[in-house]
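Everything on this sheet refers to the single structure shown next.
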Amino acid sequence: MPDRTRARELAAEFNAKGDPLGWFDALYREAESGASEIPWADLVPNPNLLDFWKSHPQETRNKSALIIGSGLGDDAEQLAAWGFHTTAFDISATAISATKKRFPSSTVEYVVADLLAPPQYWRANFDFVFESYTLQSLPPGLRVQAFPKIAEFLKPAGLLLVLARGRDPEEDPGHLPWRLTRAELAEFSRAGLQEVSFEDYIDPYDPGVRKFRTTYRRT
């Protein structure tokens, strides 16, 4: 299991300073210098995304896709390989710079952006949006603001795929990344999306870890 100790230390430090999102770039800068590591950077596409695609391949011709919290770019590159016109963003300028170095010939548009204050022109601009584990890296007060922001990215009939670590309501959310409940994910429905599918399973690639894989559509 990846060591998330340093990520949690930085998150607590920056939250105490009133900058609850600043720790992302700080961690990427440390990793770039070799002083730390990015616990979620597997340098391969998310296998849960690949499994979803095997069962539910999407039409990609002339379709646009958005990756939220793109990290070092592997999921974005996979969506582009499937045929999407892909945009990917991260709040960490260091992450975006590193991604462009990893994939110098990429067709993906990589952008430094804040999920809570995204470019206005992204609103209702994407046919497919992928969110994996970003929500649960946000403190609850910011997380509740993020749900409607994500929902707004979808075009009419657009599809949102969400991957999250899951728990029952009576269970402790644990440490960052905090586990989410299905009731919390229902914020997407309150933001105007329709739940299409919901899977509750033990991740075979992350043994013993309960995951939710959910899709929503803009009606």
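The values are calculated or read from the model by the stated rules, or taken from the named source; none is laboratory data. Model, not experiment: these values are computed from the prediction. Neighbour counts are summed over all protein chains in view; Cβ atoms, including those assigned to glycine, are modelled from backbone coordinates with ideal geometry.
Okay, residues lined up against (1) out of contact with any Cys (no Cβ under 9 Å at 6 or more places or on another chain); (2) in contact (Cβ under 8 Å) with a residue 12 or more places away in the chain; (3) part of a helix (DSSP H, G or I):
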| residue | (1), (2), (3) |
| --- | --- |
| Leu10 | yes, yes, yes |
| Asn15 | yes, yes, yes |
| Gly18 | yes, no, no |
| Leu21 | yes, yes, no |
| Glu30 | yes, yes, yes |
| Ile38 | yes, yes, no |
| Leu50 | yes, yes, yes |
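Residues in the range 206-219 include at least one that is among the hydroxyl-bearing types (Ser, Thr, Tyr), over 30 Å from Asp3 (Cβ atoms), in contact with a Pro (Cβ under 8 Å, 6 or more places away or on another chain) and touching a residue at least 40 places away in the same chain (Cβ under 8 Å).
Arg123 falls short on exactly one of the conditions (1) modelled with pLDDT of 95 or more; (2) touching a Pro at 6+ places or on another chain (Cβ under 8 Å); (3) surrounded by fewer than 16 Cβ atoms within 10 Å (Cβ to Cβ); (4) not aromatic (Phe, Trp, Tyr), and that condition is (2).
One line per residue, one yes/no per condition, for (1) within 25 Å of Phe128 (Cα to Cα); (2) touching a Leu at 6+ places or on another chain (Cβ under 7 Å); (3) not aliphatic (A, V, I, L, M):
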residue: Asp3; (1), (2), (3): no, no, yes
residue: His56; (1), (2), (3): yes, no, yes
residue: Leu72; (1), (2), (3): yes, yes, no
residue: Phe84; (1), (2), (3): yes, no, yes
residue: Asp90; (1), (2), (3): yes, no, yes
